[in-house]
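The values are calculated or read from the model by the stated rules, or taken from the named source; none is laboratory data. Since the model is a prediction, treat every value here as computed from it, not as a measurement. Cβ placement follows ideal geometry from the backbone for every residue including glycine, while neighbour counts extend to all protein chains displayed. When the accessible area is computed, the model is the full protein with side chains, heavy atoms only, and any ligands, DNA or RNA have been set aside. Shrake-Rupley method; radii C 1.70, N 1.55, O 1.52, S 1.80 Å.
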Amino acid sequence: MEEELAMLRQFIGQLVDLFNLYGSPLPPFDSLQLLHFHNQQQNNNNRSLCRSLSFLARPIPWLKARRGVECLELLGCQSRWCVLNLDDGSADDYCSLVMAAGKSRRFKMLEPGKPPASKKPRKERNRGKSLGTTSSNEVMQQEIWKEFPEDLFEAVIARLPIAAFFRFRSVCQKWNSLLDSQSFSQHCAQVPQANPWFYTITHENVNSGAMYDPSLKKWHHPTISYLPTKMIVLPVASAGGLVCFLDIGHRNFYVCNPLTQSFKELPPRSVNVWSRVAVGMTLNGSAASGGYKILWVCCDGEYEVYDSLKNSWTRPGSMPSFIKLPLSLNFRSQAVSLGGTLYFMRSDPEGIVSYDMVTGAWKQFVMPAPLHLSDPTLAECGGRIMLVGLLTKNAATCVCIWELQKMTLLWKEVDRMPNIWCLDFYGKHVRMTCLGNTGLLMLSLRSRQMNRLVSYNVVSREWLKVPGCLVPRGKKRQWIACGTAFNPCLTATT
């Protein structure tokens, strides 16, 4: 032990000579604790010193070469220097001290025999950082923010994500009353429309809906308290942020804004027709504030139009004689609205019937459907009429997209689902439901062994998998029964 202590003193003496040579004198060794002081020399002197210290570390018999070089490099390359007092304590104590400093990459003042401080868990470190950041940002200068222009404030709020706006509504009564502000409605009208949302009904809970936001890829579970709870009500059409509902008995119509809970029950129909009907909805102008119209039509040719400005149903006339009855409407396909005209799909003869909500004119277009097609659904994008369906041949099934050629009235295939996805359908009896048919499509693909939701962007031709809709506060996955797309609008009123 005495021999090792003597070698350590000799080594420290060599360090003192080197420090004096490079112009960095050390303090005297008569202190009883570790002394720290800063070295402000140039970086090139520190690099040369590191090489010299590494060379001196080689003859130490009780210190492993790798550890010695590491510790000495730390002593020479960093901006803090340390000196040990060897007059008190054993060599083992100081050896453990140097080794601890090398492992922690820092050379701190440690007491002999005391282990280095334990590292804090990552959660505690992150919690400390977040608390520090929050406290520094909490202080806001009231003199600045109290003079913030009101119109600019409404313009900023109108451009917030829909989900963020509803969180902010609970801050104060003033923010909650923005939905009734005319100026706020004007700011919302200036904001470009984002991707449509989807309002769906699940098999597990037909009396409450689930909304999907494709921008955030998140499901919401609203509770529309005004909808009747003793009967099943299904979404059948939408326009301008409003969704039209029809009870399963095909008797009563309801219009609602799922975001703001604005609700209205339409007056009873003048024609007592309780058979299944197809429904379409259009706006009188560019926004719901200008009013809207709803059309229902059944297979025997009966139809009516509701005008929100008059709050009444009217029967404009009878079905023209050149349109073959019964209509054989495809009730699985929702109506498509283009420029105030509604398009419905029919199967006998195969084609489309349309109704102009302004002129009240009916038209019929006969066009053969693609071969081996099942579950066809109309869609539209940018003024183009599209067709979505399952193409099945032998045991292979694939989702295909067609576009209607206006000159020839023929369907032209423009895209199909990636082959790697279609392999999951091989040998299975797959059924498809299109939940939204305006620009962004949502497809529900299901069989006995599969339940999948897929979205398709008609413009970018991008296929994406939609996360499953789970039961609120649960882990059970829900099956989508039906639904419709709607443009989220905070100011749309019924």
_the stretch 329-355, residues that are without any contact (Cβ under 8 Å) to a residue 24 or more places away in the chain and either surrounded by fewer than 14 Cβ atoms within 10 Å (Cβ to Cβ) or hydrophobic (A, V, I, L, M, F, W, C) (or both)_ = SER347
*Among the residues of the stretch 314-328, which ones are surrounded by fewer than 17 Cβ atoms within 10 Å (Cβ to Cβ) and either in contact (Cβ under 8 Å) with a residue 60 or more places away in the chain or over 42 Å from the mean Cα position of the chain (by Cα) (or both)?*
THR314, ARG315, PRO316, GLY317, SER318, PRO320, SER321, PHE322, ILE323, LYS324, LEU325, PRO326
*With respect to PHE153, is the statement that it is in a helix (DSSP H, G or I), farther than 11 Å from LEU490 by Cα and either open to solvent by 100 Å² or more (accessible area, probe 1.4 Å) or not charged (D, E, K, R) (or both) true?*
yes
*Which of (1) touching a strand residue (DSSP E or B) at 6+ places or on another chain (Cβ under 8 Å); (2) open to solvent by 40 Å² or more (accessible area, probe 1.4 Å) is the odd one out, the single condition TYR199 does not satisfy?*
(2)
*Condition met for SER275 (modelled with pLDDT under 85, hydroxyl-bearing (Ser, Thr, Tyr) and open to solvent by 10 Å² or more (accessible area, probe 1.4 Å))*: yes
*Which of the residues belonging to the stretch 364-386 are open to solvent by 30 Å² or more (accessible area, probe 1.4 Å), assigned to a strand (DSSP E or B) and closer than 16 Å to MET407 by Cα?*
GLN364, PHE365, VAL366, ARG384
*Given the conditions (1) assigned to a loop (DSSP other than H, G, I, E, B); (2) surrounded by 21 or more Cβ atoms within 10 Å (Cβ to Cβ), which single one is not true for PRO268?*
(2)
*Qualifying residues in the stretch 345-363 (those that are outside any strand (DSSP E or B) and of a type in the set (Val, Ile, Thr)) - the one farthest from GLN334 (Cα to Cα)*: THR359
_Pick from the stretch 387-438, criterion out of contact with any Phe, Trp or Tyr (no Cβ under 6 Å at 6 or more places or on another chain) and acidic (Asp, Glu), ranking: most open to solvent (accessible area, probe 1.4 Å)_ = ASP424
*What residue, of PRO196, PRO161, PRO235, PRO192, is under 24 Å from LEU338 (Cβ atoms) and within 16 Å of the chain's Cα centre (by Cα)?*
PRO196
*Condition test on VAL454, is it open to solvent by less than 20 Å² (accessible area, probe 1.4 Å) and either at pLDDT below 90 or within 18 Å of the chain's Cα centre (by Cα) (or both)?*
yes
_Those residues of the stretch 284-298 which are assigned to a helix (DSSP H, G or I) and open to solvent by 40 Å² or more (accessible area, probe 1.4 Å), in sequence order_ = SER289
